[in-house]
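Everything on this sheet refers to the single structure shown next.
The values are calculated or read from the model by the stated rules, or taken from the named source; none is laboratory data. If you're wondering where the values come from, they're calculated on a predicted model, not measured in any experiment. Backbone-built Cβ (ideal geometry, glycine too); neighbour counts: all protein chains shown. Heads up: the accessible areas ignore ligands, DNA and RNA and are worked out on the full protein's heavy atoms, side chains in. Shrake-Rupley method; radii C 1.70, N 1.55, O 1.52, S 1.80 Å.
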Amino acid sequence: MPSLPRPATDLTADEARRIALRAQGFLGAPDRRAGVRGVLRHLGAVQLDTISVLARSHELIPYARLGAVGRRTVDSAYWTPSPDGTTAAEPHAFEYWSHAACILPIEEWPHFAFRRRAYRSRPHWNHPLPEGAYEQVIKQLRAEGPLTATDLGGAKKTSEWWDWSGTKVAVERALMYGEVVCVERRGWKRVYDLAERAVPEALLHDRLDDTECLRRLVRLAGQSLGVGTRADIADYHRLKGEQVDAVIADSGLVPVSVEGWGKPAWADPAALAAPPRGRHRTTLLSPFDSLIWERARTERIFGFTHRLEAYVPKPKRVYGYFAMPILAGGRLVGRLDPAREGRTLVAKQVTLDDARSVPAVAQALLEAASWVDCTNVRVERVESSALREPLMRELARAVG
């Protein structure tokens, strides 16, 4: 790492936590007029994932910040263009590789030119590209318009998830290169289109060099985090540490010292200009929420260790298949592993820090049930048996 400038200010651990919560949209009144699209632009990236228990992760992200916004409204906000009456409808978002597969604001298309260039120059791939498949995909999209992989000829050769067809390999390669773009999903299927047709003309370019792209993404990460270490900032859009080092001095972020962090940090100057105030959200968090993306950061800020156990063998799971951290009062106070059985929301396992968390957990559980149109709540297991009765009483009181 290059030599570091002196910190512009010193933050307590509590100040850093509150700055992070405000930057992620969990402290203060939410901007309901901006809605889901406002959440997307505020965060800069919303991760997609195939798992759907309570709901899919990209639906849970705005729910956690805005409350019970309709799930169809969420999808429409991401994927439905809005004409202004004078020009053709333009997309609000596109899907690309950021922290992972993410929904990104369409205006950030030029800033991922560095990654498109890197993919184009990549020498090795896991899936071989059959001869002529790439050209055929481009030709078909040009002739027929937006298509799914199934429309193009099939996504898989066999039932195995990893066994892509030649067509799927080709269209995914074209997506990475930037010749093809996904600005819509139908159900859970990507809809591919030619970038030249789908991306607004003013944004359709790779003119920005790598330094300009990286400077922008580092600044965006700092704004979305509020305050973060080098590793935090790099992880947000999955940059390399040396890429962050090369541009952070010119990114507009300012160096700060945070009590107990033990590592240099940078902050968004706007986040330092006024102390965070306002109402805290009480909610269930997707394991793929950007507030808790990076495990080391989550432990540092909240003293909370969490990992997704969906891919852990069932006998080795501690908290459950899709355990969702519970945010209340600006703290992570426990976990809840949900399931749905018809119109019943099932809390398969509830893990709480202490009795003080019970009202918040009951509130979060009932709000989530209402959001997904469940009329009943059933609690199967509470990790601390002493907290089961208080939780059941609180649920009964809230319903009654």
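Here are the numbers for this structure:
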| read-out | value |
| --- | --- |
| Of Leu104, Leu11, Leu272, farthest towards positive along the dipole that unit charges on Lys, Arg, Asp, Glu beta carbons give the chain | Leu11 |
| Theoretical FRET efficiency, 1/(1+(r/R0)^6), r = Cβ-Cβ of Glu131 and Asp31, R0 51 Å, to 0.05 | 0.50 |
| Of Ala101, Ala270, Ala77, the one that fluctuates the most in a GNM where the chain has Cα springs shorter than 10 Å | Ala270 |
| For the chain, calculated [θ]222 nm from helices alone, where every DSSP H run of n ≥ 4 adds -39500 (n - 2.57) | -11000 deg cm²/dmol |
| Longest DSSP-loop-exposure-free segment, chymotrypsin sites (Phe, Trp or Tyr not before Pro), the chain, at most 13 other Cβ within 10 Å | 1-124 |
| GluC sites (Glu not before Pro) restricted to DSSP loop in segment 57-137 with at most 14 other C-beta within 10 Å | Glu131 |
| Pairwise FRET efficiency - Lys156 versus Arg197, Cβ, R0 = 30 Å, nearest 0.05 | 0.70 |
| Where the chain is the region considered: accessible area per residue in Å², 1.4 Å probe | 47 |
| Estimated inter-spin distance, Ala355 and Ala270, nm [label 7 Å along Cα→Cβ] | 4.4 |
| Extension gain, Arg343 back to Ala100 (0.36 nm per residue minus Cα-Cα distance, nm) | 84.3 nm |
| Percent carbon-and-sulfur accessible area, the chain, ignoring ligands, DNA and RNA, probe 1.4 Å | 50 |
| Candidates Pro315, Pro255, Pro287: whichever shows maximal mean-square fluctuation once the chain is modelled as a Gaussian network with Cα springs under 10 Å | Pro315 |
| Under 15 Å from Lys189, Cα to Cα: aspartates and glutamates that are on another chain or at least 8 residues apart | Asp49, Asp75, Glu95, Asp151, Glu172 |
| D_trans [Stokes-Einstein, Kirkwood Rh over alpha-carbon pairs] for segment 1-130, 20 °C, 1.002 mPa s, µm² s⁻¹ | 121 |
| Point-to-point label distance, Ala398-Trp188, nm (Cα→Cβ direction, 7 Å offset) | 2.8 |
| Degrees between helix 210-225 axis and first principal axis of the chain (Cα, 0 to 90, nearest 10) | 20 |
| Spatially proximal lysines relative to Lys263 (Cα-Cα < 19 Å; intrachain offsets below 8 disregarded) | Lys240 |
